[in-house]
Amino acid sequence: VHVTQGDRVDAGAPLFEVDPTPYEMALRQAEAGLDVGRAEVKQLEADVERARTLRRQKVVAEQDIERLTTNLAVARARLRQTEEAVALARHNLERTLVRAPFAGSVAARLADEGTTALVQPQTIVVVLQETAELEARASIAESQMGLVQVGDPALVRIEGVPEPVHT
């Protein structure tokens, strides 16, 4: 956890990170699969080209070329799957570092370094409170519209704040 309660953070500032080790391993595994897939496609492309040359010489049956062409199409599809697995592994690794979605103040820090926890989507690690200017919207009955003018003062009640805010 990179922040403590009361810290002010800019948008994009690191808040906390999850141990990246298993995600780095998953990425390396996916990249290795990508290397295998590329090698398979390269080999099958060469095999198809050789078979077509031999077919022109009437040494290889058309059925063999069809089988190789199908195997090449399957290998290319597997390669696309592996490319997506690499993209997903990179995405997951990038998500191990959680950044502030907006500038604000750390209202609460609910986890410490080294805390082993079952992290689920609803697990709260840091509570970030926006400190920018707030806007209040109010509904006014049409019959009361004549009583309100632009610039009139108002009392705004905010949940969690004991006294109303004068505007």
Of VAL106, VAL161, which residue is farther than 18 Å from ASP19 by Cα, of a type in the set (Val, Ile, Thr) and at pLDDT 85 or above?
-> VAL106
The stretch 7-37, subset open to solvent by less than 40 Å² (accessible area, probe 1.4 Å) and among the small types (Gly, Ala, Ser), residue farthest from ARG80 (Cα to Cα) | ALA13
Taking GLN122, is it in a loop (DSSP other than H, G, I, E, B), over 17 Å from GLU17 (Cβ atoms), open to solvent by 50 Å² or more (accessible area, probe 1.4 Å) and out of contact with any Cys (no Cβ under 7 Å at 6 or more places or on another chain)?
-> yes
Filtering the stretch 38-75 down to residues that are in a helix (DSSP H, G or I), among the polar types (S, T, N, Q), farther than 29 Å from VAL86 by Cα and open to solvent by 80 Å² or more (accessible area, probe 1.4 Å) yields GLN63
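Quickly run through the stretch 47-91 and pick out the residues that are polar (S, T, N, Q) and modelled with pLDDT under 95. Give the derivation first.
As a first pass, look at the stretch 47-91 and keep what is polar (S, T, N, Q): 53, 57, 63, 69-71, 81-82.
The answer is THR53, GLN57, GLN63.
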Which of (1) over 30 Å from LEU128 (Cα atoms); (2) touching a residue at least 60 places away in the same chain (Cβ under 8 Å); (3) not in a helix (DSSP H, G or I) is the odd one out, the single condition VAL98 does not satisfy?
-> (1)
Report whether or not ARG95 is modelled with pLDDT under 95, closer than 17 Å to PRO14 by Cβ and either touching a Leu at 6+ places or on another chain (Cβ under 8 Å) or among the basic types (Lys, Arg) (or both).
-> yes
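Identify, please: which residue in the stretch 76-95 is assigned to a helix (DSSP H, G or I) and among the charged types (D, E, K, R) and is, among those, nearest to GLU133 (Cα to Cα)? Quick ask: steps written out before the conclusion?
Keep residues of the stretch 76-95 that are assigned to a helix (DSSP H, G or I), which gives 76-94.
Pick out the ones that are also among the charged types (D, E, K, R) and you get 76, 78, 80, 83-84, 90, 94.
Details: ARG76: 53, ARG78: 51, ARG80: 47, GLU83: 44, GLU84: 42, ARG90: 36, GLU94: 31 Å.
My answer is GLU94.
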Could you pull out the residue among THR4, THR82 that is open to solvent by 60 Å² or more (accessible area, probe 1.4 Å), within 35 Å of the chain's Cα centre (by Cα) and β-branched (Val, Ile, Thr)?
-> THR4
Residue, least open to solvent (accessible area, probe 1.4 Å), within the stretch 85-109, restricted to residues that are under 22 Å from ALA30 (Cβ atoms) and of a type in the set (S, T, N, Q) = THR96
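Would you tally the residues in the stretch 101-114 being part of a strand (DSSP E or B) and under 14 Å from the mean Cα position of the chain (by Cα)? Break it down into steps so the answer makes sense when it comes.
At the first step, the residues of the stretch 101-114 found to be part of a strand (DSSP E or B) are 104-109.
Among the residues that remain, those that are also under 14 Å from the mean Cα position of the chain (by Cα) are: none.
Of the residues in that region, 0 qualify.
The values are calculated or read from the model by the stated rules, or taken from the named source; none is laboratory data. Given the structure is predicted, the values throughout are model-derived calculations rather than measurements. With ideal geometry, Cβ positions are generated from the backbone for all residues, glycine too; neighbour counts draw on all protein chains shown. Keep in mind that these areas ignore ligands, DNA and RNA; they rest on the heavy atoms of the full protein, side chains included. Shrake-Rupley method; radii C 1.70, N 1.55, O 1.52, S 1.80 Å.
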